[in-house]
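Heads up: the structure comes next, in structure tokens.
The values are calculated or read from the model by the stated rules, or taken from the named source; none is laboratory data. Computed from a predicted model, the values in this text were never measured in an experiment. Cβ placement follows ideal geometry from the backbone for every residue including glycine, while neighbour counts extend to all protein chains displayed.
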Amino acid sequence: MGDDPFTVRVLTVDDVVPLRRVLAGAFLTDLDEDRPERVEHVIEFDRARGVFHGDEMVGVGAVLTREITLPGGVVAPAAALTAAGVRPGYQRRGALNRLVASLVDGVPEAFAVLWASDGAIYGRFGCGSLASDLVHVALPHGAAFHAGVDVGDAVVREVTREQALPVLKEVYERVRTSRVGWLGRTDGSWEFHLADEDRYRDGLSAFRYALHPRGYVVYRVKTAWDERGPRDELHVHELVAETDVAHAALYRHLLDLGLGGEVTHHTAADDPIPHLLANPRAAVRRRHDALWVRLVHLDRALEQRRYLSDVDVVIEVDDPLLPRNAGRWRFTVEKGRASVRRTDDEPDVSADVAALGSAFLGGTRLSVLARAGRVREHTSGSVGALSVAFLAEHAPHCPELF
């Protein structure tokens, strides 16, 4: 097929049907060309790219314009990479390389975020894995709280979708600026997040909505029976609370619903729910990677967030894809704010750009990455000092796919 048989161009609304075909092929899903896909609620065609072999679209990818909360409560613009895929037959031929390089290099935001469908792919593009975690927690129906838990006196009300949506948007907007990793949402991203056609339910019920005066929960139900009787499953899609009392009250509401079974939720690594239980072992947890981070303009990105402690080190960065990030940078933090400047001084620490992306949201310790060979220390104590500075006050968590 030659050295480089592919071309890349910006997509338009006229490309929507071939885009659907590519994504259906890449992710082995059924295709209905007459019915819009959920991604069409959010896609920005001027930020979408297609990879073409001749006149045939064989790969697609898009960037969404979003905001994200960084450590220190800083709300910053982020490029959210999504809908990236290559048709069968054209994989492992360089099409994805062309696509991702085109998307990343053209990003004006200081950094990009993504969910990686394949954990072996995106590290080679300088994307840092495990930048945030997702914990799947399963709780048995009726699980008791310990005696000191305050659930307040407010009633949690089950409401319709139409009644819920305005409240959800208001509460989420108030909460997101205090939660590292939470994204700003447009009307389109709300439609994407709460898409509720049968094909998105995975055999479960339609969304159900419950409101607390200081929070809400969105969930689905699967009714089931076994030899011991009913075993209803409640699958939490999103739980948002402005206060600890609201958080406890919403969980209490879920645990008391239905008959038998369990409540499951993909939640933050530091969700206190196990500590609310009289028997913390009743919360069975599995941890997964969530957001990956790609530092696109390294100095701007590192200066946007806040840090837990002062530090002054020289970091030598390796970034083959974006040479503008490579080289030595003096990284200085005073009173939580960073200054990042070019320098010729000898490095205290060496790291690839993906390692800094992994640590960017404050959830992955640079000291752990050093043990894994992703970070190297040249000056004793420098990795430890840098690692502490990068930590966030809360575990980073992104409650939505995009």
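The residues of the stretch 102-120 that are surrounded by fewer than 15 Cβ atoms within 10 Å (Cβ to Cβ) and either modelled with pLDDT of 90 or more or within 28 Å of Thr29 (Cα to Cα) (or both), listed by number, are Pro108, Ser117, Asp118, Gly119, Ala120. Would you call Gly258 surrounded by 15 or more Cβ atoms within 10 Å (Cβ to Cβ), farther than 24 Å from Thr65 by Cα and touching a residue at least 24 places away in the same chain (Cβ under 8 Å)? Spelling it out, Gly258 is indeed surrounded by 15 or more Cβ atoms within 10 Å (Cβ to Cβ), farther than 24 Å from Thr65 by Cα and touching a residue at least 24 places away in the same chain (Cβ under 8 Å). Looking only at residues of the stretch 280-315 that are of a type in the set (A, V, I, L, M, F, W, C) and in a loop (DSSP other than H, G, I, E, B), we find that the one that is farthest from Ser387 (Cα to Cα) is Ala283. So is Glu56 crowded, with 18+ Cβ neighbours inside 10 Å, among the acidic types (Asp, Glu) and in the same structural domain as Asp14 (by TED's automatic domain parsing) or not? No: the conditions fail for Glu56.
The residue pairs whose first member lies in the stretch 161-184 and is closer than 21 Å to Ala112 by Cβ, whose second member is of a type in the set (Asp, Glu) and surrounded by 13 or more Cβ atoms within 10 Å (Cβ to Cβ), and whose beta carbons are closer than 6 Å, counting only pairs six or more residues apart or on different chains, are Gly184/Glu67. Looking at the structure I just gave you, is Tyr219 at pLDDT below 95 and under 23 Å from the mean Cα position of the chain (by Cα)? It is false that Tyr219 is at pLDDT below 95 and under 23 Å from the mean Cα position of the chain (by Cα). Could you tell me which of the residues Arg306, Arg330, Arg324 is more than 26 Å from His397 (Cα to Cα), basic (Lys, Arg), outside the structural domain of Ala268 (by TED's automatic domain parsing) and surrounded by 15 or more Cβ atoms within 10 Å (Cβ to Cβ)? Within the list Arg306, Arg330, Arg324, the selection yields Arg330. Just the residues that are in a strand (DSSP E or B) and either more than 19 Å from Arg294 (Cβ to Cβ) or not assigned by TED's automatic domain parsing to the domain that holds Ala101 (or both), please, taken from the stretch 31-50. Of everything in the stretch 31-50, just one residue is in a strand (DSSP E or B) and either more than 19 Å from Arg294 (Cβ to Cβ) or not assigned by TED's automatic domain parsing to the domain that holds Ala101 (or both), namely Gly50.
Among residues of the stretch 133-159 that are at pLDDT 95 or above, those with a Cβ under 6 angstrom from a residue that is of a type in the set (Lys, Arg), sequence gap 6+ or separate chain, pair up as Val135/Arg285; Val135/Arg287; His136/Arg286; Val137/Arg285; Val151/Arg252. Look at the stretch 89-116: where a residue is over 23 Å from Arg21 (Cβ atoms) and a partner is at pLDDT 90 or above and basic (Lys, Arg), sitting 6+ places away or on another chain with Cβ atoms under 8 Å, you get Val104/Arg294; Ala110/Arg300; Phe111/Arg294; Ala112/Arg294; Val113/Arg66; Val113/Arg294.
For first residues located in the stretch 380-398 and β-branched (Val, Ile, Thr), partners that are part of a loop (DSSP other than H, G, I, E, B) and lie 6+ apart or on another chain with Cβ distances below 6 Å form the pairs Val388/Ser309. Yes or no: Tyr209 assigned to a strand (DSSP E or B) and either among the acidic types (Asp, Glu) or under 26 Å from Arg252 (Cβ atoms) (or both)? Yes.
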